[in-house]
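Shown below is the structure under consideration.
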Amino acid sequence: MDLLEKGAAEIIRVADLRERLEESRKTGRPLRIKAGFDPTAPDLHLGHTVLLRKLRHFQQLGHTVIFLVGDFTSLIGDPTGKNVTRKALTRKQIDEFAKTYQEQVFKVLDPKVTEVRYNSEWLGKLGYEQTIRLASHFTVSQMLERDEFHKRFQAEEPISLHELLYPLMQGYDSVALECDVELGGTDQRFNLGAGRELQRHYGQKPQIILMTPIIEGLDGVQKMSKSLGNAIGINEPPAEMYGKLMSISDELMWKYWIFLTDLKQSEVDALRAGVAAGHEHPMKIKKLLARTIVTDFHGEETARVADENWAKMFQGRGVPADAEKVSISIRDVARMDAVSLQLAEADSSRESVIDTARLVFRLGMKASRKDAERQVSAGVVVDGQKITQQWFKIGPRPREIPVRVGKQLKIAVIS
């Protein structure tokens with residue numbers, strides 16, 4: 001239970017899970033655990049691995065893990081979190097994305113003991129009669145209680161009939177697979193509950209629901225998503241993965257430690273206490289996090305190289321040979337009153353205050369000041385530290401400061 005409850009936002013119900021585990025121990029029958037993934041994009045990202053890691057925990061305990069590819073439900077499109085109807089995918093797109101999912105998922109799960117299933121196996125065989133019988137177990141009012149549909153109904157925005165079928169289809173997956181436990185994010189509560197409801201109607205024990213939190217992306221605000229540009233793909237090159245992880249905020253780092261690594265909660269708490277007490281620097285712990293995650297997906301030696309290269313680029317005194325240097329006058333980027341600016345120009349050894357957005361704009365990394373200001377709100381990596389403040393201080397000049405915005409890297413030579 002310690003392993004299974006780590007990082008779980010909610011379990012419905014904990015007592016039932018304990019009871020089911022005890023039954024499994026006595027009878028020798030492993031529990032059937034599933035998590036479904038609709039192949040709606042070609043790549044999985046670290047947000048997906050929160051569920052995959054929890055699947056692996058069950059796997060490590062000897063239970064049957066089912067990686068369910070929602071190739072049929074992808075034709076509908078999960079309405080969760082959407083205020084508009086999803087654009088329909090073609091069968092060719094779904095098949096191509098499903099193939100990439102299988103290639104990626106075994107970076108986390110053990111392929112020898114993972115059951116891979118496609119829900120078209122049973123959903124594709126449902127006729128009108130069975131679909132009507134499924135639909136009879138739910139009411140329109142139940143569907144409209146769902147947050148996404150409720151908001152759209154109130155705003156008089158369209159809700160397509162096929163979207164109402166999605167939770168029924170996901171719920172029927174649990175019936176077809178005779179699941180004991182289904183995993184999903186906290187935003188999947190309604191769909192997961194549909195499985196429990198349908199299993200009752202089909203004479204099965206209702207599955208236990210284990211929900212995990214939604215992981216924020218690099219911006220620390222919105223959930224990790226490829227479409228929002230704040231995701232870290234598990235197939236990304238190690239250097240890029242490492243660099244993105246180093247750009248997250250110190251606060252978000254702890255969430256990543258809990259949900260994206262196999263470190264025990266007590267070990268994460270110990271690291272956090274060390275930072276709070278001043279015994280450890282956050283940068284050191286963040287580098288350890290980045291190296292740990294890159295090791296999981298690319299191997300220890302590759303992670304070591306990524307760590308060393310990042311340190312040379314952002315922490316060393318030298319400037320990367322392939323990085324563009326841009327000469328900038330302190331007057332162009334300073335955030336100081338006129339007197340302070342005159343003193344700073346006259347004495348280069350003085351501490352100066354730099355306007356972050358102005359620096360990003362002067363480096364040509366954003367087309368306008370407004371774009372630069374928006375980028376600062378999301379975060380800019382300056383000299384190895386993620387900056388979201390409107391200004392920061394620098395010491396004696398001239399200074400060569402590496403500035404990173406996404407994949408762009410430039411060296412500001414401030415004099």
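The values are calculated or read from the model by the stated rules, or taken from the named source; none is laboratory data. Bear in mind that the values here come from a model prediction, so they are computed numbers and not experimental data. All Cβ positions, even for glycine, are placed from backbone atoms using ideal geometry, and neighbour counts span all protein chains on display. To get the accessible areas, we keep the full protein, side chains included, count just its heavy atoms, and leave off ligands, DNA and RNA. Shrake-Rupley method; radii C 1.70, N 1.55, O 1.52, S 1.80 Å.
Can you tell which of LYS226, LYS255 is charged (D, E, K, R) and either touching a residue at least 60 places away in the same chain (Cβ under 8 Å) or not in a helix (DSSP H, G or I) (or both)?
LYS226
Further, regarding this structure: Return the pair list, or none, for Cβ contacts closer than 7 Å from residues in the range 2-27 that are of a type in the set (S, T, N, Q) to residues that are open to solvent by less than 60 Å² (accessible area, probe 1.4 Å), at least 6 apart or on different chains.
SER24/PRO30; SER24/LEU31
Say whether the condition of being β-branched (Val, Ile, Thr) and under 30 Å from GLN342 (Cβ atoms) is met by at least one residue in the range 320-328.
yes
Are there any pairs, at least 6 apart or on different chains, whose C-beta atoms fall under 8 Å, with the first in the range 48-71 and on the phi > 0 side of the Ramachandran plot and the second modelled with pLDDT of 95 or more, and if so, which?
Here the result reads GLY62/PRO30, each pair linking the range 48-71 to a residue that is modelled with pLDDT of 95 or more.
Could you look through the range 147-181, keep only residues that are in contact with a Ser or Thr (Cβ under 7 Å, 6 or more places away or on another chain) and closer than 23 Å to VAL65 by Cβ, and pick out the one that is surrounded by the most Cβ atoms within 10 Å (Cβ to Cβ)?
Across the range 147-181, the extreme among qualifying residues is GLN170.
Looking only at helices (runs of 4 or more DSSP H) that lie completely in the range 1-75, which have at least 1 residues being of a type in the set (Asp, Glu) and either in contact with a strand residue (DSSP E or B) (Cβ under 9 Å, 6 or more places away or on another chain) or open to solvent by 50 Å² or more (accessible area, probe 1.4 Å) (or both)?
So the answer is 2-5, 14-27.
Let me ask something else about it. How many residues does the range 334-368 contain that are assigned to a helix (DSSP H, G or I) and either open to solvent by less than 50 Å² (accessible area, probe 1.4 Å) or closer than 13 Å to ILE414 by Cβ (or both)?
Qualifying residue count for the region: 10.
So, one more: Filter the range 233-266 down to residues that are open to solvent by 50 Å² or more (accessible area, probe 1.4 Å) and of a type in the set (D, E, K, R) and give me whichever is farthest from the chain's Cα centre (by Cα).
LYS264
Filter the range 116-146 for residues that are without any contact (Cβ under 8 Å) to a residue 12 or more places away in the chain, farther than 14 Å from ALA194 by Cβ and surrounded by 11 or more Cβ atoms within 10 Å (Cβ to Cβ) and give the result.
Hits for the range 116-146 are GLN130, ARG133, LEU144.
Can you find a residue that is farther than 30 Å from LYS244 by Cβ, of a type in the set (D, E, K, R) and modelled with pLDDT of 85 or more anywhere in the range 96-112?
Looking through the range 96-112, at least one residue is farther than 30 Å from LYS244 by Cβ, of a type in the set (D, E, K, R) and modelled with pLDDT of 85 or more.
Of the numbered conditions (1) at pLDDT 85 or above; (2) in contact with a strand residue (DSSP E or B) (Cβ under 9 Å, 6 or more places away or on another chain), ARG374 fails exactly one; give the number of that condition.
In the conditions (1) at pLDDT 85 or above; (2) in contact with a strand residue (DSSP E or B) (Cβ under 9 Å, 6 or more places away or on another chain), ARG374 misses (2) alone.
Follow-up. Is it the case that the range 199-214 has a residue that's touching a residue at least 40 places away in the same chain (Cβ under 8 Å) and either part of a helix (DSSP H, G or I) or in contact with a Pro (Cβ under 6 Å, 6 or more places away or on another chain) (or both)?
yes
I've got another one for you. Picking from ARG91, ARG133, ARG53, which residue would you name as being at pLDDT 85 or above and touching an Asp or Glu at 6+ places or on another chain (Cβ under 9 Å)?
Exactly one of ARG91, ARG133, ARG53 is at pLDDT 85 or above and touching an Asp or Glu at 6+ places or on another chain (Cβ under 9 Å), namely ARG53.
Could you please find all residues in the range 280-300 being open to solvent by 30 Å² or more (accessible area, probe 1.4 Å), over 21 Å from LEU109 (Cα atoms) and modelled with pLDDT of 90 or more?
LYS284, LYS287, LEU288
Looking at (1) open to solvent by 60 Å² or more (accessible area, probe 1.4 Å); (2) modelled with pLDDT of 95 or more, find the lone condition where GLN204 falls short.
With respect to (1) open to solvent by 60 Å² or more (accessible area, probe 1.4 Å); (2) modelled with pLDDT of 95 or more, GLN204 is out only on (1).
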